[in-house]
Amino acid sequence: MLFDLPDHATLYQALLDRDESYEGRAFVCVATTGVFCRLTCPARKPLAGNCSFRASIGECIEAGFRPCKRCHPLQPAAEADPIIAALLKALDERPERRWSEGDVARLGFDLSTVRRSFKRHFGMTFIEMARQRRLREGFETLVLGGSVIAAQQDAGFTSPSAFRAAFARLLGRAPGELTGRGLLLADWIATPIGDMIALSSASQLHLLEFVDRKALPTELARLQQLAKGEIGLGSYAPIEQIRAELGRFFAGESADFATPLALHGSAFTRAVWAELRQIPAGETRSYSELARRIGQPAAVRAVARANGANQLALIIPCHRVIGADGSLTGYGGGLWRKQKLLEIERRYVRAAPAA
């Protein structure tokens, strides 16, 4: 849906102009505040590099952004549907509550009607919206230096073990293992195809992965050992750089990544990754072709293992590797995401002559 919208420059100008023609059709997500707004929002305008644009409220919430308290982007849907208005009001009054379908039913609402209404307006159910809000609140408390207990309370978990388990499922590590400052800092980056976690030292980016990647806990454990346990929550300059570069990538402006990287792998693995970075956006290669290009045509399986060991998603574009027959092959971030990335990058190829 992202490329159904105008380009980033057009939408940013519409934000500056408070263009009412985009009302309900486009929303701006601000990386530095974690808030999403209407383009007509009266608040001070963020820098272009901190903005990404999405076509629906549901996309904004799924990416981890909260609705702005000045322009109230949920208000039109609430005004159009009394059920939505009542439940959003209840969520605002009790954001920490662990909402269930039983709670909704006890408020006198028909569950199927509520599900249809929220799906139609926001692309997610009320229960999903409430869960996203709770976990985001807990994450932000930790980033701002709050204790794990405070984060648990802000996220609305009565059980410390339940909060630790939910946090670990989301980020791969328990909250107590990712607090305070450290040699490596972890931060959350929202993208149109899912949230990512980035780990960086003061000078280099060590990891960029989608939070639902199964290998993420193992990768984090390896980096924690490298950093001698000193992993904290926060952001160093390389994380801010990759956040801006990802914004430009998904806005259709640039497929280039210049963030300095720390490459943890053998000489063979790094050679494969270097060859991956030579594949232009919009093109693909097979494993056997990669093996030939690094001068080891018999090492196809080793090339595939090196491809799977990549922990810098998008920057080292392992999603550009497909089967010899042209079929999509395994991708740690999910085949649907691989397909979406290839579709996005084909747009760059089509736009090249005009540029």
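The values are calculated or read from the model by the stated rules, or taken from the named source; none is laboratory data. Nothing here was measured: the structure is a model prediction, and the numbers come from that model. Here the Cβ positions follow ideal geometry from the backbone for every residue, glycine too, while neighbour counts run over all protein chains shown.
Worth a mention:
- Condition check for GLN296: under 23 Å from LEU183 (Cβ atoms) and either part of a helix (DSSP H, G or I) or in contact with a Phe, Trp or Tyr (Cβ under 9 Å, 6 or more places away or on another chain) (or both): no
Yes/no per residue for (1) farther than 21 Å from ARG248 by Cα; (2) at pLDDT below 80; (3) crowded, with 17+ Cβ neighbours inside 10 Å:
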residue: THR10; (1), (2), (3): no, no, no
residue: ALA31; (1), (2), (3): no, no, yes
residue: ARG38; (1), (2), (3): no, no, yes
residue: CYS41; (1), (2), (3): yes, no, yes
residue: ALA48; (1), (2), (3): no, no, yes
residue: ARG66; (1), (2), (3): yes, no, yes
residue: LYS69; (1), (2), (3): yes, no, no
residue: ALA77; (1), (2), (3): yes, yes, yes
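- Contact annotation: residue pairs with Cβ atoms under 8 Å, 6 or more positions apart or on different chains, pairing a residue in the stretch 230-252 that is crowded, with 19+ Cβ neighbours inside 10 Å with a partner that is assigned to a loop (DSSP other than H, G, I, E, B) and aromatic (Phe, Trp, Tyr), are ILE242/PHE257; GLU245/PHE257; PHE249/PHE257.
- Picking from residues in the stretch 50-64 that are of a type in the set (A, V, I, L, M, F, W, C) and in contact with a His (Cβ under 9 Å, 6 or more places away or on another chain), the one that is surrounded by the fewest Cβ atoms within 10 Å (Cβ to Cβ) is CYS51.
- LEU87 falls short on exactly one of the conditions (1) surrounded by fewer than 21 Cβ atoms within 10 Å (Cβ to Cβ); (2) assigned by TED's automatic domain parsing to the domain that holds GLN132, and that condition is (1).
- Any hit, the stretch 287-298, residues being within 24 Å of LYS214 (Cα to Cα), touching a Leu at 6+ places or on another chain (Cβ under 8 Å) and buried (at least 18 other Cβ atoms within 10 Å of the Cβ): no
- Unmet requirement for PHE268, which otherwise passes all of (1) in contact (Cβ under 8 Å) with a residue 40 or more places away in the chain; (2) hydrophobic (A, V, I, L, M, F, W, C); (3) more than 21 Å from ALA198 (Cβ to Cβ): (1)
- Residues of the stretch 202-225 satisfying the condition of being crowded, with 17+ Cβ neighbours inside 10 Å and over 24 Å from HIS319 (Cα atoms): GLN224
Residues checked against (1) surrounded by 18 or more Cβ atoms within 10 Å (Cβ to Cβ); (2) at pLDDT 85 or above; (3) not aromatic (Phe, Trp, Tyr):
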{"position": "ASP110", "(1), (2), (3)": "no, yes, yes"}
{"position": "GLY123", "(1), (2), (3)": "yes, no, yes"}
{"position": "MET129", "(1), (2), (3)": "yes, no, yes"}
{"position": "PHE139", "(1), (2), (3)": "yes, no, no"}
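- Residues satisfying the stated conditions in the stretch 299-323, i.e. touching a strand residue (DSSP E or B) at 6+ places or on another chain (Cβ under 9 Å) and not in a helix (DSSP H, G or I): GLN311, LEU312, ALA313, LEU314, ILE315, ILE316, VAL321, ILE322, GLY323
- So ASP81, is it surrounded by fewer than 19 Cβ atoms within 10 Å (Cβ to Cβ) and under 22 Å from ARG120 (Cα atoms): yes
- The residue pairs whose first member lies in the stretch 331-344 and is in the same structural domain as GLU283 (by TED's automatic domain parsing) and on the phi > 0 side of the Ramachandran plot, whose second member is surrounded by 13 or more Cβ atoms within 10 Å (Cβ to Cβ) and at pLDDT 80 or above, and whose beta carbons are closer than 8 Å, counting only pairs six or more residues apart or on different chains, are GLY334/PHE210.
- Residue ID - nearest to the chain's Cα centre (by Cα), chosen from residues in the stretch 278-293 that are among the charged types (D, E, K, R) and not in a helix (DSSP H, G or I): GLU283
- When residues of the stretch 12-22 are limited to those that are among the hydroxyl-bearing types (Ser, Thr, Tyr) and surrounded by 15 or more Cβ atoms within 10 Å (Cβ to Cβ), the one nearest to GLY49 (Cα to Cα): TYR12
- Single unsatisfied condition, SER327 versus (1) modelled with pLDDT of 90 or more; (2) surrounded by fewer than 17 Cβ atoms within 10 Å (Cβ to Cβ); (3) in a loop (DSSP other than H, G, I, E, B): (1)
- Sole residue being under 22 Å from SER200 (Cα atoms) and touching a helix residue (DSSP H, G or I) at 6+ places or on another chain (Cβ under 9 Å), chosen from GLY282, GLY323, GLY332, GLY295: GLY332
- ALA186, sole failed condition from (1) part of a helix (DSSP H, G or I); (2) of a type in the set (A, V, I, L, M, F, W, C); (3) within 30 Å of ALA55 (Cβ to Cβ); (4) at pLDDT 70 or above: (1)
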